[in-house]
Amino acid sequence: MKKVGVAILGLGVVGGGTYKILSEHREQYKKSHGVDIVVESVLERSKERALSLGIEENRICSNIAEICSNPEIDIVVEVIGGIEPAKTFVLAALNSGKSVVTSNKELYCKYSHQLEKTAKKNRVGLFYEATCVGGVPVIRAMLDNLQGNNFTSIMGIINGTTNYILSKMSQSGAAYKSVLEEAKKLGYAEADPTSDVEGYDAAYKLSILSSLAFHTKIPFTEIYREGIDGIDNLDIEYGKRLGYSLKLLAIGKNEKSGIEVRVHPTFIKSDHPLAGVNDSYNAVFLTGDSVEDVMLYGRGAGALPTGSAIVGDIIYCATHPNHSYSTFNNTEKADSATKFVKNFGSAYYLRLSVQDKTGVLSKVTALLGKHSISVSQFIQESVRDDGRAPLILITHLNKEQNVMRAVSDINSTGFAKVEAVIRTI
Ligand code: HSE
């Protein structure tokens, strides 16, 4: 029987989950795929952690050179995260003739061109299903099953931490900061949650997914990004009254005018399938010219869901001797013909506070009208203690620049102030 040796770099949550799946399913893979997948080595600083997972002491390595020079190892699994030392280790593994499976979205997003070039040069595989949406098999689906499509749109709830926080804020009415603290205690949010709550994590994933969807490199730097750290529960409540759920949404569109890519808090109409994706669950909603709409849903993080994606890549690598790579020209920058649309179109939720005086509402709508913005829904609340009244508007579809100019005009009047702007779909 064909034996495939694996090394795991990093035994954190995902590394531990991967080891558990490989050990528990080893006999099954022998029967189902005719391969004996053996974890030959792990690279882990904490010997205790490795021993606690049942890994024999002689399999614990302390440097990458030991793994690169071990002829028993065919596939290196990188689950360290971050750029360094992960990048050095992955390049060393590829250059020593090992295939690599990685869950590292930041590394793959920023350096896929370099990693793929190195893999091609060494005729080895490079697999990255686990970089995006944990256990949900979106990358393999796009690389293989969905090739009969040109995609016009990819939208996703692709960060579990922020989806958990927004869902809890919506369910409990609690403020952002207290829900974030609770999410940290429960292990949903990292001690330093910056990458998740400011939208970097979702932007790395959108860069990878939209590059695959639109067949051209979409650099991370082209993605408009706004996080959830400024969200006030008041807006979640008003949104609900108007029939919307608030999500951190990653949006990629490929239209005649060009490609738009953005990550920001978004009000989603309650009858859209993405509105029902709650807690730490993730989903990706794709629209292709042949298949029409497809939604993939599941756990976007965690030891076993992400381990599931990694093990799928290991088996794919072990059973496909001719390696295939990205379905686009994987360069550092977008190709020169790609046009990025920054002045995208959207409908907008605006929360204003206005002076309680005759004629204020008509003055606000006149200022919106000056920028060709019309209103589709609104709520006017009774006057607050400070003598101002909340006014909540949903606009019809308009251009970002028009709306931002109208917001600036309204804010310079003195009688009205825009306190929240949230894009809607
Ligand atoms: N921090 C990520 C999330 C983990 O919350 O979705 C999975 O990439």
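The values are calculated or read from the model by the stated rules, or taken from the named source; none is laboratory data. Everything numeric in this text was worked out from a predicted model, so none of it was measured. Glycine gets a Cβ as well: all are built from the backbone with ideal geometry, and neighbour counts include every protein chain shown. For accessibility, only protein heavy atoms count, side chains too; no ligands or nucleic acids. Shrake-Rupley method; radii C 1.70, N 1.55, O 1.52, S 1.80 Å.
Using Cβ point charges alone (K and R +1, D and E -1), the dipole size of the range 161-316 about the Cα centre works out to roughly 140 debye. Can you work out D for the range 228-343 in µm² s⁻¹ from Stokes-Einstein, where Rh is the Kirkwood radius over C-alpha pairs, the temperature is 10 °C and the viscosity is 1.306 mPa s? In µm²/s, the coefficient rounds to 89. A dipole drawn for the chain from +1 and -1 charges on Cβ atoms has a positive end, and of 138, 77, 34 the residue lying farthest that way is 138.
Computed from point charges on the beta carbon alone (+1 for Lys and Arg, -1 for Asp and Glu), the dipole magnitude for the range 194-249 about its Cα centre is near 320 Debye.
Of 399, 339, 98, which has the most accessible area with a 1.4 Å probe, and how do the rest follow in descending order? Don't skip to the answer; put the middle values down first.
Values: 399 95, 339 125, 98 10 Å².
The most accessible residue leads, giving 339, 399, 98.
Residues whose amide H lies under 5 Å from that of residue 344, counting only those 5 or more places away or on a different chain, are 400; hydrogens are built 1.01 Å from N in the peptide plane. Pairing the Cα long axis of helix 86-95 with the longest principal axis of the chain, what angle in degrees results, from 0 to 90 and rounded to the nearest 10? The answer is roughly 40 degrees. For the range 149-308, the alpha-carbon coordinates run over 42, 37, 28 Å along the three principal axes, in decreasing order.
Antiparallel as a % of all DSSP beta bridges within the chain, to the nearest 5? Walk me through the numbers on the way to the answer.
Values: 52 of 77 bridges.
Antiparallel bridges: around 70 percent, rounded to the nearest 5.
If you take the Cα centroid of the range 1-43 and the Cα centroid of the range 148-226, the two points sit 30 Å apart.
Nothing charged except the Cβ atoms of Lys and Arg (+1) and of Asp and Glu (-1): what's the magnitude of the dipole of the chain about its Cα centre? Round to the nearest 20 debye. If you can, show how the numbers build up before the last one.
Working: 47 positive and 47 negative charges, 158 e Å.
Here the chain has a charge dipole of around 760 debye.
The figure for residue 271 is an accessible area of roughly 140 square angstrom, using a 1.4 Å probe on the protein chains alone. The distance from the alpha carbon centre of the range 80-122 to that of the range 350-425 is 49 Å, rounded to a whole number. Of all lysines in the structure, the ones whose alpha carbon falls short of 20 Å from that of residue 30, not counting any fewer than 8 places away in one chain, are 2, 3, 20. Within the shell of other residues whose beta carbon sits under 14 angstrom from the beta carbon of residue 250, the net charge comes to +1, with Lys and Arg scored +1 and Asp and Glu -1.
Could you work out what % of the accessible surface of the range 166-219 is carbon and sulfur, using a 1.4 angstrom probe and leaving DNA, RNA and ligands out of the count? Before the final figure, lay out the partial values.
Values: 1060 of 2140 Å².
Exposed carbon and sulfur together represent 50 percent of the surface.
Taking every lysine pair in the range 131-237 that is 8 or more places apart or spans two chains, those with Cα atoms closer than 21 Å amount to 5. When the Debye formula is applied to the Cα atoms of the chain, each taken as the same point scatterer, what base-10 log of I(q)/I(0) results at q = 0.09, 0.14 Å⁻¹? Summing over Cα pairs of the chain leads to -0.61, -1.23.
For the chain, report the accessible area per residue in Å² (1.4 Å probe, heavy atoms, rounded to an integer). Before the final figure, lay out each step's value.
Details: 18200 Å² over 425 residues.
I get 43 Å² per residue for the chain.
Using a ≥ b ≥ c from the Cα gyration tensor of the range 50-187 (square roots of the eigenvalues), is it rounded, prolate or oblate, where a/c under 1.5 gives rounded and otherwise the larger of a/b and b/c decides, a/b for prolate? Cα axes put the range 50-187 in the oblate bin.
Over the Cα atoms of the range 220-262, compute the convex hull volume and normalise it per residue, giving Å³. Before the final figure, lay out each step's value.
On the way: hull volume 4.0 nm³, N = 43.
It is 94 Å³ per residue.
Of all aspartates and glutamates in the structure, the ones whose alpha carbon falls short of 19 Å from that of residue 31, not counting any fewer than 8 places away in one chain, are 313.
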